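Take a look at this one; I'll ask things after.
The values are calculated or read from the model by the stated rules, or taken from the named source; none is laboratory data. These figures come from a predicted structure and were not determined experimentally. Note: ideal-geometry Cβ built from the backbone for every residue, glycine included; neighbour counts use all protein chains shown.
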Amino acid sequence: MAAESLGAHAPRSLAPGQRPPSNTFRKLQARLRGLVGKAIEDFGMIAEGDRVMVCLSGGKDSYTMLDVLLSLQRSAPVRFELVAVNLDQKQPGFPRHVLPEYLTALGVPFHVIEQDTYRVVKRVIPEGRTMCGLCSRLRRGALYRYAAANGITKIALGHHRDDIVETLFLNMFFGGRLKAMPPKLLSEDRRHVVIRPLAYVPEREIERYARVRQFPIIPCTLCGSQQNMQRVQVKKMLAEWEQEHPGRTEAIFSALGNVATSHLADPATFDFARLESLRAAAAADASLPEPGDREPWDET
């Protein structure tokens, strides 16, 4: 999917009561479409005939992802379907009507999966401990099952550039691993392909877009108040770095796509033991005459 053609068409019509977009918003929308289109092209996220499941949580990121994918769908050089899927985790006070009403008004095919992961997480995780790990595993399992049963070829998640950089530091600081979130991923059982169309998009631009679009945001009451989460600490650190050195987050993200494995320390990724044989081979090559060269004693 070419990024240029993906970002060339007009935005979806306005919702009732919404003001016409300003020039500033149009530029922001064009930039988001361009960044998402480039990510789709760079990583081969969407192909002809794909049935893409857009995982909609009710947060700003997934709303923005759906909005941009709908816009790109109309101008894409390939045909693909979009199906919005929400997982109702039975959290107390969850406004069940919000997403169905929004998606119905938008004219988007959707399905709501009902699974009481909230009760499981609250029962298993001790008070004061981070719930996100177990919650995400349960949520992923439910989404994978739906995808397998409904002919889904791609599962689209709303993680953005800042999420990816934060995950890099979380893995380094708390897991001892040099690992982030890939823009495209094959599940462990090799049955599902996960894509992150917002991989190139900064969070601040999603926040601006969501404010103007006035999405009906649904907060996560399960984990939203866990201010001591490791991710919150890393987010704060990156925000401070960005304030002191604008562009640092972008530079870190760029580094993820410019990796020199020979300059790290993972023997499973780079064959350090082979360096001696490479040196010996180079020395042998250096001792041979260049093609066409004549040695002083060659009289022929």
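Restricting the search to the range 24-72, which residues are in contact with a Phe, Trp or Tyr (Cβ under 8 Å, 6 or more places away or on another chain) and among the small types (Gly, Ala, Ser)?
Hits for the range 24-72 are 39, 47, 49.
Here's a follow-up. From the residues in the range 112-121 that are part of a helix (DSSP H, G or I) and surrounded by fewer than 17 Cβ atoms within 10 Å (Cβ to Cβ), which one is modelled with the highest pLDDT?
Taking the range 112-121 first, the residues part of a helix (DSSP H, G or I) are 117-121.
From what is left, the residues that are surrounded by fewer than 17 Cβ atoms within 10 Å (Cβ to Cβ) are 119-120.
Working: 119: 66, 120: 71.
The qualifying residue modelled with the highest pLDDT is 120.
Cβ-Cβ below 8 Å, separation at least six or inter-chain, first residue in the range 261-274 and of a type in the set (Val, Ile, Thr), second part of a loop (DSSP other than H, G, I, E, B): which pairs?
261/269; 261/270
Among the residues in the range 104-111, are any surrounded by 14 or more Cβ atoms within 10 Å (Cβ to Cβ), in contact with a Lys or Arg (Cβ under 9 Å, 6 or more places away or on another chain) and either charged (D, E, K, R) or farther than 24 Å from residue 211 by Cβ (or both)?
Among the residues of the range 104-111, not one is surrounded by 14 or more Cβ atoms within 10 Å (Cβ to Cβ), in contact with a Lys or Arg (Cβ under 9 Å, 6 or more places away or on another chain) and either charged (D, E, K, R) or farther than 24 Å from residue 211 by Cβ (or both), which makes the answer no.
If the requirement is being under 13 Å from the mean Cα position of the chain (by Cα), crowded, with 24+ Cβ neighbours inside 10 Å and modelled with pLDDT of 95 or more, which of these qualifies: 46, 40?
Details: 46 fails: under 13 Å from the mean Cα position of the chain (by Cα).
Exactly one residue qualifies, and that residue is 40.
Among the numbered criteria (1) surrounded by fewer than 17 Cβ atoms within 10 Å (Cβ to Cβ); (2) closer than 29 Å to residue 236 by Cα; (3) over 11 Å from the mean Cα position of the chain (by Cα); (4) at pLDDT 95 or above, which one does residue 149 miss?
(2)
Output the number of the condition that residue 237 fails; it satisfies all remaining conditions of (1) in contact (Cβ under 8 Å) with a residue 12 or more places away in the chain; (2) closer than 30 Å to residue 46 by Cβ.
Against the list (1) in contact (Cβ under 8 Å) with a residue 12 or more places away in the chain; (2) closer than 30 Å to residue 46 by Cβ, residue 237 comes up short only on (2).
Still on this model: What are the residues in the range 174-208 that are out of contact with any helix residue (DSSP H, G or I) (no Cβ under 7 Å at 6 or more places or on another chain) and more than 30 Å from residue 149 (Cβ to Cβ), if any?
175, 176, 204, listed by residue number.
Among the numbered criteria (1) surrounded by 12 or more Cβ atoms within 10 Å (Cβ to Cβ); (2) among the hydrophobic types (A, V, I, L, M, F, W, C); (3) over 23 Å from the mean Cα position of the chain (by Cα), which one does residue 199 miss?
(3)
Give the residues of the range 265-282 that are charged (D, E, K, R) and surrounded by 11 or more Cβ atoms within 10 Å (Cβ to Cβ), sorted by residue number.
Restricting attention to the range 265-282, the residues satisfying the condition of being charged (D, E, K, R) are 266, 271, 274, 276, 279.
Across the range 265-282, the qualifying residue is only 271.
Residue by residue, here is whether (1) part of a helix (DSSP H, G or I); (2) in contact (Cβ under 8 Å) with a residue 24 or more places away in the chain; (3) more than 19 Å from residue 61 (Cα to Cα) holds:
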{"position": "151", "(1), (2), (3)": "no, yes, yes"}
{"position": "162", "(1), (2), (3)": "yes, yes, no"}
{"position": "169", "(1), (2), (3)": "yes, yes, yes"}
{"position": "181", "(1), (2), (3)": "no, no, no"}
{"position": "188", "(1), (2), (3)": "no, no, yes"}
{"position": "212", "(1), (2), (3)": "yes, yes, no"}
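Ok, one more. Every residue in the range 70-87 that is surrounded by 23 or more Cβ atoms within 10 Å (Cβ to Cβ) and farther than 16 Å from residue 152 by Cα, please.
Selection gives 72 alone.
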